[in-house]
Amino acid sequence: MFKYLFAKGDDIPRGTAAVYFGISSIIWFVIGTGLGSFNAAKLAFPDFVTGSEFFSFGHMRQVHVMAVIFGWISMAFAMAMMYITPALGNTKLWSEKLGVWNCFLWNVGLSLALCLLWAGISSGREYSDFPWFIDIYVLAFIGIPLGLNVWMTVIKRRTQGIYTTNWFFAGAVFMVWIVLFVGNLPEYFQLTGLTEAYLTWWFAHNVLGLWITPVAAAIAYYTVPKITGNPLYSHRIGHLHFWSVVVFYSTPAAHHLMSSPLPEWLKSFASVEGVLILVPAIAFVSNLILTMTGKWHYFVDNVETKFTMTGVLLAIPLNMQGGFQQTRAINWYIHGTGWIVAHAHLALLGFSTFLEASAVYYGLQTIMRRKLYSLALANFHFWFLLIGFCTYWISMTIAGLIQGAAKIYEVPYIDTVIAEHPYMIARWVGGTMVFTGNCVWLYNMWMTAREGTLIPEGRLPHELAYER
Ligand code: HEM
């Protein structure tokens, strides 16, 4: 990477920024899930690594959350944007050099920010844990350069219209600028009380709703038609999806604070909007399932399609849960329990991670023009990720139901801890499977870059997947 930081823009090969973002995202996935496994071990085995505040759960939890969201997920998104946006516009990335600098400053800034959190220097606000000066760094050196590169590539496209994926990419980078600025206002202006609480969860909710959800979905709108050869079932449904995400997803942040003293009308409004999130969810899932018509054998035979469609199908339980768990009738039972942690991982480790993984697998092979070093290792990664995630989700959902019942029937705390303990161990086992699968993935992509069979000019990885 250093050799291209000061090179002339034209001397940087096409796809360089995307490759750097792709490899960086996998490394952060390994680091982030390793931290997750460490934290889960602390909850399953309370005597595990004690005696140092640096390894206390309070310090390590936020390092985990920010490493996987700003490292793995968002860098995988940047990688997808760097190679898919120009490909769909039949042009080249506006600036490879800006992309390489963006990746460099992103890795440096995130490493520094995580060290600060690890040392206990944080805003104390969940999901926006970074202190204010890091928030400004994220906006100035991460968000804006990424958005500029995507927007200018879309503007400089050599195609008539804008394909659904690029519509989502361009919309999401613009919306995330607003979320990064407005969501951190409490730190810039020392806002406190309910205003701070509301903006904290408006930020958390919209990082998921206006960044992670639309960009993950946009990847599926590219990989499924690209690999199966079927055109997208409906661009109209794609646009309905986009605008209903903007309208219905951006507004119900109050559903994270149903037990707080926020005005009741605001909570009712959020609950109704929260159920309406089913509109974009149904639009997305139905559009992709119909696009797969006649090509379901790819779901079994092709690694990238397997990852993509698993992500798409996980959007069904995710939005069903999301739509109903935030209504008053259910929220008072599950709020503050492991059910919410399970739901957060259904969204991030389930739905979005499988879609990002498909984009990184496909993108690195396409840009490096190298076939996967090992299909068996890729399938190993898929099954360890899926079984690990399911074990995590199911065990934490059950633990959440136990905690909810204990809360209502006022069961002594220690009895609750004893009752949920087997599920804490199961979550650790499941999460550690995910971490193990990711280590295998890093090795497989490293070997692909070094020894993968060269893909002839004009051919694509999925066309050669089963050729010796
Ligand atoms: C893409 C991968 C992942 C993402 C994006 C992710 C994200 C998150 C988020 C957002 C939270 C806060 C949840 C909340 O309080 O509502 C969280 C908590 C946590 N995660 Fe992950 N996670 C990932 C993978 C993992 C893995 C593989 C493990 C391993 C076991 C893990 C273990 C934990 C633990 C122990 C907590 C703390 C839960 C608590 O406070 O009770 N995570 N993670």
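Phe54 to Met320: extension gain in nm, 0.36 nm per residue of separation minus the Cα-Cα distance? Please report the intermediate quantities before stating the final value.
On the way: separation 266, 0.36 × 266 = 95.76 nm, distance 3.81 nm.
Extra length available between Phe54 and Met320 comes to 91.9 nm.
How large is the accessible surface per residue of the stretch 401-466, computed with a 1.4 Å probe and reported in Å² as a whole number?
On the way: 3710 Å² over 66 residues.
Here the residues of the stretch 401-466 average 56 Å² of exposed surface.
Lysine pair count for the chain with Cα-Cα distance under 26 Å and sequence separation of 8 or more or different chains is 19.
Taking all Cα pairs closer than 8 Å and separated by 6 or more residues, the relative contact order of the chain comes to 16 percent.
I'd like the Kirkwood hydrodynamic radius of the chain, using the inverse of the mean 1/r over distinct C-alpha pairs, in Å. Before the final figure, lay out each step's value.
Numbers: mean 1/r = 0.0441 Å⁻¹.
Computed over Cα pairs of the chain, the Kirkwood hydrodynamic radius comes out at 22.7 Å.
Counting only alpha carbon atoms, the long axis of helix 375-408 and the longest principal axis of the chain meet at about 20°. The residues of the stretch 195-322 expose on average 36 square angstrom of accessible surface per residue, using a 1.4 Å probe on protein heavy atoms.
Reported to the nearest whole Å, the Cα centre-to-centre distance from the stretch 57-102 to the stretch 229-281 is 25. Remark: the stretch 228-243, residue by residue, has Karplus-estimated 3J(HN,Hα) of 7, x, 7, x, 4, 4, 8, 6, 4, 5, x, 6, 4, 4, 4, 6 Hz, where x stands for each Gly or Pro and the curve is 6.51 cos²θ - 1.76 cosθ + 1.60 at θ = phi - 60°.
In order along the stretch 24-41, phi translates into HN-Hα couplings of 4, 5, 5, 4, 5, 5, 5, 4, x, 6, x, 5, x, 5, 4, 5, 5, 5 Hz, rounded to whole numbers, per the Karplus curve 6.51 cos²θ - 1.76 cosθ + 1.60 with θ = phi - 60° and x for Gly and Pro.
3J(HN,Hα) along the stretch 248-262, derived from phi through the Karplus expression 6.51 cos²θ - 1.76 cosθ + 1.60 where θ = phi - 60°, amounts to 8, 8, 7, 9, x, 4, 5, 6, 7, 10, 5, 8, 8, x, 5 Hz, with x in place of Gly and Pro. In plain terms, the chain from Thr91 to Thr159 could stretch by 23.6 nm, reckoned as 0.36 nm per residue minus the Cα-Cα distance. With all protein chains in place and ligands, DNA and RNA left out, the 1.4 Å accessible area ranks Tyr221, Tyr373 as Tyr373, Tyr221, largest first. Highest-first packing order for the peptide set 76-82, 135-141 is 76-82, 135-141, based on the mean count of other beta carbon atoms within 10 Å. With R₀ fixed at 45 Å, the C-beta to C-beta distance from Glu264 to His421 puts the FRET efficiency at about 0.75. Working ranking of peptides 108-114, 391-397 by packing, defined as the average number of other Cβ atoms within 10 Å per residue, highest first, is 391-397, 108-114.
Scaled to the globular estimate 2.2 N^0.38 Å, the Cα spread of the stretch 281-388, given as radius of gyration, is 1.25. In the chain, the DSSP-assigned H stretches of four residues or longer account for a calculated mean residue ellipticity at 222 nm of -22500 deg cm²/dmol, using -39500 (n - 2.57) per stretch and the full residue count as denominator.
Computing the accessible area with a 1.4 Å probe over protein heavy atoms, can you report the carbon and sulfur percentage for the chain? All intermediate terms of the calculation are to be shown ahead of the outcome.
Working: 13520 of 19230 Å².
Here carbon and sulfur together make up 70 percent of the probe-accessible area.
Rolling a 1.4 Å probe over the protein chains gives Lys295 an accessible area of about 50 Å². Computed with every protein chain present, the accessible area of Cys115 is close to 80 Å² [probe 1.4 Å]. Among the trypsin sites (Lys or Arg not before Pro) in the stretch 78-135, those placed in a DSSP loop whose Cβ has at most 14 other Cβ atoms within 10 Å are Lys92. In the assembled protein chains, Glu451 presents an accessible area of approximately 110 Å² (probe radius 1.4 Å).
Restricted to Cα atoms, the stretch 1-104 shows a radius of gyration and a Dmax of 18.1, 57 angstrom. Once backbone amide H atoms are built at 1.01 Å from N, Arg370 has Ile455 as its partners under 5 Å, excluding neighbours fewer than 5 places away on the same chain.
Summary of packing: across the peptides 98-106, 7-15, 180-188, the per-residue average of other C-beta atoms within 10 Å ranks them, highest first, as 98-106, 180-188, 7-15.
The values are calculated or read from the model by the stated rules, or taken from the named source; none is laboratory data. Keep in mind that what you see is a predicted model, and the values were worked out from it rather than measured. Note that we place each Cβ from the backbone using ideal geometry, even for glycine, and neighbour counts take in every protein chain shown. SASA here: full protein model, heavy atoms, side chains in, ligands and nucleic acids out. Shrake-Rupley method; radii C 1.70, N 1.55, O 1.52, S 1.80 Å.
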